[in-house]
Amino acid sequence: MQNIIIRNATIDDTEEIADIKIDGWQTAYRGIIDDDFLDNMDRDKEIEKKKQNIKDGVNIIVAELNKNIVGFCLYRNYNKDTEKYPKADCEISSLYIKSNLKRNGIGRQLIQYAIELLRKEGKQRMILGCLKENYPSRAFYEKMGGKVINYDEIEFGNKKYGLAIYEYDIAKIEK
């Protein structure tokens, strides 16, 4: 896809980021996560959460096309679950692309950009979780070099869902 700009997110981007996340969930997770949970996602709460992330210095990058945000990636230069995944030193915790623009290389560009930043910090092993039944995204993560190292669970709306945990050897991911 032409003219994609990858840059750090700002407070001004949070509404578009929240909309992309909610649309992404309601599209990709329909049939996986309960409809009631998906249909009642709180946009204002999501906007505030992203604003707080940015204020707290959480790493969020966005993909911009024609001055519109079309995707985002939230990554950490640390692993928040060292007990379960002691070898990992960083993670991607969110990657969402506008539904109508998927399969145009935007997700690849976001992941590669984040990985390059992590490489510069000397990071070596990255983890990423994906809903176990989200087969299109799992295929993408595997194509990007991820290997399933574990299955776990995550809870949304008082219900547990399967989670596939991927690990990436950052040195082996193409630049």
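Here, each number is a calculation from the coordinates, and none is a lab measurement. Everything numeric here is computed off the predicted structure, so don't read it as measured data. FYI the Cβ positions are ideal-geometry reconstructions off the backbone, even for glycines, and counts take in every protein chain you see.
Expressed in nm to one decimal, what extension gain is obtained for the pair Glu116 and Val58 from 0.36 nm per residue of sequence separation less their Cα-Cα distance? Kindly include the intermediate steps, with their values, before the conclusion.
Working: separation 58, 0.36 × 58 = 20.88 nm, distance 1.67 nm.
This chain segment gains 19.2 nm when fully extended.
With neighbours defined as other Cβ atoms within 10 Å of a residue's Cβ, the residues Met41, Met126, Met144 order from fewest to most as Met41, Met144, Met126. Sequence-ordered 3J(HN,Hα) estimates for region 3-13 from the Karplus curve with 6.51, -1.76 and 1.60 and θ = phi - 60° stand at 6, 7, 10, 9, 8, 5, 6, 10, 4, 5, 8 Hz, glycine and proline given as x.
Computed FRET efficiency, Cβ-Cβ of Thr27 and Lys87, R0 45 Å: what is it to the nearest 0.05?
The pair Thr27/Lys87 has a calculated efficiency of 0.85.
Pairs with C-alpha atoms separated by more than 29 Å, drawn from the list Lys80/Lys147; Lys87/Lys120; Lys55/Lys172; Lys123/Lys160; Lys51/Lys147; Lys49/Lys102, are Lys55/Lys172; Lys123/Lys160; Lys51/Lys147.
Between Arg108 and Asp19, the modelled label-to-label distance comes to 2.7 nm, taking each label 7 Å out from Cα in the direction of the beta carbon.
Evaluate the Debye formula for region 21-142 with equal point scatterers sitting on the alpha carbons, no solvent, and hand back log10 of I(q)/I(0) at q = 0.13, 0.17, 0.18 Å⁻¹, in q order, two decimals. After summing over all Cα pairs, the log10 values are -0.58, -1.01, -1.13.
If you place +1 on the Cβ of every Lys and Arg and -1 on the Cβ of every Asp and Glu, how big does the dipole about the Cα centre of region 4-102 come out, in debye to the nearest 20? Intermediate values should be presented prior to the final figure.
Working: 16 positive and 20 negative charges, 90 e Å.
Magnitude of the dipole: close to 440 debye.
How much length is gained if the chain between Arg7 and Ile154 is pulled fully straight, taking 0.36 nm per residue apart and subtracting their Cα-Cα distance, in nm to one decimal? Don't skip to the end; give the middle numbers.
Numbers: separation 147, 0.36 × 147 = 52.92 nm, distance 2.95 nm.
In short, 50.0 nm is gained.
Length gained on full extension, Glu48 to Asp36: 2.2 nm, using 0.36 nm per residue less the C-alpha separation.
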